[in-house]
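Novice: Pasting a structure below so you can have a look.
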Amino acid sequence: MKFFIDTADISEIQALAETGLVDGVTTNPSLIAKSGRDILEVIKEICDLVPGPVSAEVTATDFPTMMKEADKLAALADNVTIKVPLTIDGLKACRAITSNGREVNVTLCFSSAQALLAAKAGATYISPFVGRLDDIGEVGMDLIADIVQMYDMYPELDTQVLVASIRSIDHVEMAGLIGAHVSTLPPKIVWDMYEHALTEKGLNAFLEDWKKTGQTIL
Ligand code: G3P
């Protein structure tokens, strides 16, 4: 499973890029606003930091303006993936942009029906928001399972399921068990994934025993 990082915070991306585990980055207008940065500058900086796909979202809601914004974002770097909302105009733009050879991430997906439309529109990635479905009492990961199962029925559909709105390590584990292609992870979730009490306890025990030998490797 690919790990994308869900943030526009340059320092967070830099720290995580050093782990060698970052396959891409996703942003959205809220994350850009949170960064306090100019979108064109920060997306360019992220693209220079991470060679993988970097999602930059259009903010227009009409097809013609979406296409103009997509051109401007795509010009920033070859690894910019254009992000569009799952709307009629968004999927029209998806079809046009992917037919020009540029990757598209269709976002704000909340149903299998929407995911089917996005795949038929040629989406490179579909981003179902699992956390926000959990927020309204549904089981977001059930949607991921449904979409993966549905896409697997049609080999001609090559849209990758990109699990978004991840709120817990459980979400990541379930995404892996279901076989989602990508998870886009808030930085804190990544750091938390390393942690387990038994790992820390076991390492401390190893080092205590090693200290007793009086040996050094160097
Ligand atoms: O990638 C989408 C993500 O940023 C939304 O997350 O927690 O605001 O639902 P959240």
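The values are calculated or read from the model by the stated rules, or taken from the named source; none is laboratory data. This is a predicted model, so every value here is computed, not measured. Cβ sites come from the backbone with ideal geometry, for glycine too, and all protein chains shown count toward neighbours. Accessible surface is based on the protein model in full, side chains and every heavy atom, while ligands, DNA and RNA are left aside. Shrake-Rupley method; radii C 1.70, N 1.55, O 1.52, S 1.80 Å.
Novice: If you build a Gaussian network model of the chain, linking Cα atoms that sit under 10 Å apart, which residue out of PRO128, PRO53, PRO64 swings the most?
Specialist: Answer for the Gaussian network model of the chain: PRO64.
Novice: Lysine pairs in the range 1-118 with Cα distance under 22 Å, only those 8 or more apart or on different chains: how many are there?
Specialist: Here the count comes out as 13.
Novice: What is the sum of charges around PRO53, taking Lys and Arg as +1, Asp and Glu as -1, for the other residues whose C-beta is under 12 Å from the C-beta of PRO53?
Specialist: Values: positive: LYS2, LYS83, ARG102; negative: ASP23, ASP78, GLU103.
Local net charge: 0.
Novice: Then there is this: Given points 7 Å out from each Cα along the Cα-Cβ axis, report the ALA113 to GLU41 separation in nanometres with one decimal.
Specialist: Taking the two extended label points, one gets 4.4 nm.
Novice: Now, a different point. When the chain is fully extended, how far beyond the present Cα-Cα distance does LYS120 get from THR61, taking 0.36 nm per residue of separation? Display every interim value, and only then the final one.
Specialist: Working: separation 59, 0.36 × 59 = 21.24 nm, distance 2.00 nm.
That pair, LYS120 and THR61, stretches by 19.2 nm at full extension.
Novice: Further question: What is the calculated FRET efficiency for GLN14 to ASP170, with r their C-beta to C-beta distance and R₀ = 30 Å, to the nearest 0.05? Before the final figure, lay out the partial values.
Specialist: On the way: r = 27 Å, r/R0 = 0.91.
Plugging the Cβ-Cβ distance into 1/(1 + (r/R0)^6) gives 0.65.
Novice: Counting only protein heavy atoms and using a 1.4 Å probe, what share of the accessible area of the chain belongs to carbon plus sulfur, as a whole percent?
Specialist: Exposed carbon and sulfur together represent 57 percent of the surface.
Novice: For ILE88 and VAL139, compute 0.36 nm times the residue count separating them, minus their Cα-Cα distance, and round to one decimal in nm. Could you put the intermediate results ahead of the total?
Specialist: Numbers: separation 51, 0.36 × 51 = 18.36 nm, distance 2.57 nm.
Here the answer is 15.8 nm.
Novice: Also: Who wins for biggest fluctuation among ALA164, ALA205, ALA175 in a Gaussian network model of the chain, springs between alpha carbons below 10 Å?
Specialist: Maximum fluctuation in the GNM of the chain, among the listed residues, is at ALA205.
Novice: I would also like to ask the following. If you put +1 on each Lys and Arg Cβ and -1 on each Asp and Glu Cβ, how big is the dipole of the chain around its Cα centre, in Debye rounded to 20? Show your work: numbers first, answer last.
Specialist: On the way: 17 positive and 31 negative charges, 56 e Å.
In debye, rounded to 20, the chain gives about 260.
Novice: Let me ask something additional. Regarding the range 2-213, what whole-number volume in Å³ per residue does the convex hull of its Cα atoms give? Don't jump to the answer; show the numbers that get you there.
Specialist: On the way: hull volume 29.8 nm³, N = 212.
Once divided by residue count, the hull of the range 2-213 is 140 Å³.
Novice: How would LEU162, LEU117 rank on accessible area, largest to smallest, probe 1.4 Å?
Specialist: Numbers: LEU162 0, LEU117 100 Å².
Putting LEU162, LEU117 in descending order of accessible area: LEU117, LEU162.
Novice: Quick check: the distance between the Cα centres of the range 116-190 and the range 32-68, to the nearest angstrom?
Specialist: A separation of 22 Å, based on Cα centres.
Novice: Keeping every protein chain present and rolling a 1.4 Å probe, give me the accessible area per residue for the range 2-213 in Å². Working shown, then result.
Specialist: Numbers: 10740 Å² over 212 residues.
That works out to 51 Å² per residue.
Novice: Once label points are set 7 Å from the Cα along Cα→Cβ at both ASP158 and ASP192, what is their separation, rounded to one decimal in nm?
Specialist: 3.6
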